[in-house]
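Below is one structure, written out as structure tokens, with a few remarks after it.
What follows draws every value from the coordinates through simple rules; no lab data is involved. Just so you know, these numbers come straight off a predicted model, no measurement behind them. Virtual Cβ from ideal backbone geometry, glycine too; neighbours counted across all protein chains shown.
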2 protein chains.
Amino acid sequence: MAGGGAAASALSTPWRSLLQRALDGNAHLKHSTFFQLATVGGGGRPANRTVVFRGFQEQSDKIQINTDARSNKIGEIRNCSFGEICWYFTDTWEQFRISGFIDVIDGSNPEPVKLQLRERAWFGSSVKSRLQYLGPCPGLPIPDDDLIKDAHLDPSAGPVDAFCLLVLDPEKVDYLNLKSNQRLMFTRNQKGDGTNSWMAEKISP
Amino acid sequence: MAGGGAAASALSTPWRSLLQRALDGNAHLKHSTFFQLATVGGGGRPANRTVVFRGFQEQSDKIQINTDARSNKIGEIRNCSFGEICWYFTDTWEQFRISGFIDVIDGSNPEPVKLQLRERAWFGSSVKSRLQYLGPCPGLPIPDDDLIKDAHLDPSAGPVDAFCLLVLDPEKVDYLNLKSNQRLMFTRNQKGDGTNSWMAEKISP
């Protein structure tokens, strides 16, 4: 069972069609684009939080997540660059566990192509969600509520320093369907020419 | 802000009342008792999967999870005993990130009190859910569907070897309410006499 190369239409990747079906089947639920991202934090302990799926990077299987560059997960990912997404679709009872390397793209990234991706992600999100990056540093104590002022943002202004794009490049996808009780394990094989092929195996749930 | 001791009614623990309110407010949703458990797996990489909340251990804040002793997570937890739960309530937009030490209680546990807990968890789950522990080893390839036979189980029979109880002892609870945009961090302080106190701090979302 072979998937598309990096430059091919990524929907030909076998697990992508399952994921697209799940996204379509749960599209009426706001939380269908939320998943849990696990990383390895301080002292080698696991960390886990809900984040929002911001689509695939064009012409690839890479998963995009917007985050605050000041949040703990940035330091964690710089220390251990692997993550595992657990994405449970509550209406169709399907779970996707997607693991892979995470690329952290903040404003200091030296690659113009990546900075463009970050800018596209910034303008692709609502002005309301951009506003959160102007707020106080996440995770720090709030000594006095009165100190928090309303932030204002020019909708045409580019990404602020705190805006960071995470890109997870899947190398293993563990699919479980609790209605049919089927489980499939997809494993990526990266060829010498940079293209990917995917192997699928039916495993016990 | 002080919580109950280990032997006190655990609902007096400050985050427990928030969690109970979330459980009540989302009780109409089957998936409200599902959460994602992150552990650290092979090669120090994160692992993440959906599991079912099986209640608190009596007179404590310890969270119970049933699992298959043959699943990968058992080896992972024996290697790194920390876990982080990410529990997102889809109707009330509340997230609880609960981290702590995980105790693995399988049939070989030397402590009679823990074996009793495991037995109680076994009989506390439905016969249908007990049946899955009689199936083939989770995560292994299925070479031939025909080889899978219907399993039968005497409802009065005690736990099978594959049945394992996990008990997570919370030491930090990070609560986020996306409707009110409030975030609270609860941190446990274990005193010399074994009782717990909890400190709560309002932090930036």
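For the stretch A:99-140, which semi-axes, largest first and in whole Å, follow from the square roots of 5 times the eigenvalues of its Cα gyration tensor? Display every interim value, and only then the final one.
On the way: eigenvalues 85, 45, 25 Å².
Semi-axes, largest first: 21, 15, 11 Å.
Compute the normalised compactness of chain B: alpha-carbon radius of gyration over 2.2 N^0.38 Å, N being the residue count. Before the final figure, lay out each step's value.
On the way: Rg = 18.2 Å, N = 205, 2.2 N^0.38 = 16.6 Å.
This ratio for chain B stands at 1.10.
Take the Cα gyration tensor of the stretch A:68-162, multiply each eigenvalue by 5, square-root it, and list the three semi-axes largest first, rounded to whole angstrom.
Values: eigenvalues 136, 78, 56 Å².
Whole-Å semi-axes of the equivalent ellipsoid: 26, 20, 17.
Just to verify a number: FRET efficiency for A:Arg120 and A:Ser197, C-beta to C-beta distance, R0 = 30 Å, to 0.05? All intermediate terms of the calculation are to be shown ahead of the outcome.
Working: r = 28 Å, r/R0 = 0.94.
FRET efficiency, A:Arg120 to A:Ser197: 0.60.
Subtract the Cα-Cα distance of B:Gln59 and B:Lys128 from 0.36 nm times their separation in residues, and report this length gain in nm to one decimal.
Values: separation 69, 0.36 × 69 = 24.84 nm, distance 2.81 nm.
Length gained between B:Gln59 and B:Lys128: 22.0 nm.
Rounded to the nearest 0.05, what FRET efficiency is calculated for A:Leu23 and B:Val160 with R0 set to 60 Å and r the Cβ-Cβ distance?
On the way: r = 37 Å, r/R0 = 0.62.
Here the calculated transfer efficiency is 0.95.
Please tell me which of these pairs span more than 27 angstrom C-alpha to C-alpha: B:Lys73/B:Lys179; B:Lys30/B:Lys128; B:Lys62/B:Lys202; A:Lys128/B:Lys172? Mind showing how you got there, number by number?
Working: B:Lys73/B:Lys179 34 Å; B:Lys30/B:Lys128 16 Å; B:Lys62/B:Lys202 23 Å; A:Lys128/B:Lys172 30 Å.
Those over the limit are B:Lys73/B:Lys179; A:Lys128/B:Lys172.
Pop a pseudo-label 7 angstrom from the Cα along the beta-carbon direction at both A:Leu178 and A:Asn72 and give the gap in nm to one decimal.
For the pair A:Leu178/A:Asn72, the computed spacing is 2.7 nm.
Report, as a whole number in µm² per second, the diffusion coefficient that Stokes-Einstein gives for the protein assembly as shown at 10 °C and 1.306 mPa s using the Kirkwood radius over alpha carbon pairs.
Details: Rh = 22.8 Å.
After rounding, the answer is 70 µm²/s.
Looking only at B:Gly75, B:Gly194, B:Gly41, which one moves most when chain B is put into a Gaussian network model with springs between Cα atoms under 10 Å?
B:Gly194
Per-residue ellipticity at 222 nm for chain B, helices alone: DSSP H runs ≥ 4 residues times -39500 (n - 2.57), over residue total, nearest 500 deg cm²/dmol? Display every interim value, and only then the final one.
Working: 4 runs with 38 residues, N = 205.
Result for chain B: -5500 deg cm²/dmol, rounded to the nearest 500.
Rounded to two decimals, what is the ratio between the C-alpha radius of gyration of the stretch A:70-119 and 2.2 N^0.38 Å? Write out the running numbers ahead of the final one.
Numbers: Rg = 14.5 Å, N = 50, 2.2 N^0.38 = 9.7 Å.
Computed over Cα atoms of the stretch A:70-119, the ratio equals 1.49.
For B:Gln190 and B:Cys137, what is the calculated FRET efficiency with R₀ set at 51 Å and r taken between the beta-carbons, to the nearest 0.05? Numbers along the way, then the final one.
On the way: r = 38 Å, r/R0 = 0.74.
Efficiency, rounded to the nearest 0.05: 0.85.
If each label sits 7 angstrom from Cα along the C-beta direction, how far apart, in nm, is B:Gly44 from its counterparts in the other copies?
With the label placed 7 Å along Cα→Cβ, B:Gly44 yields 0.8 nm.
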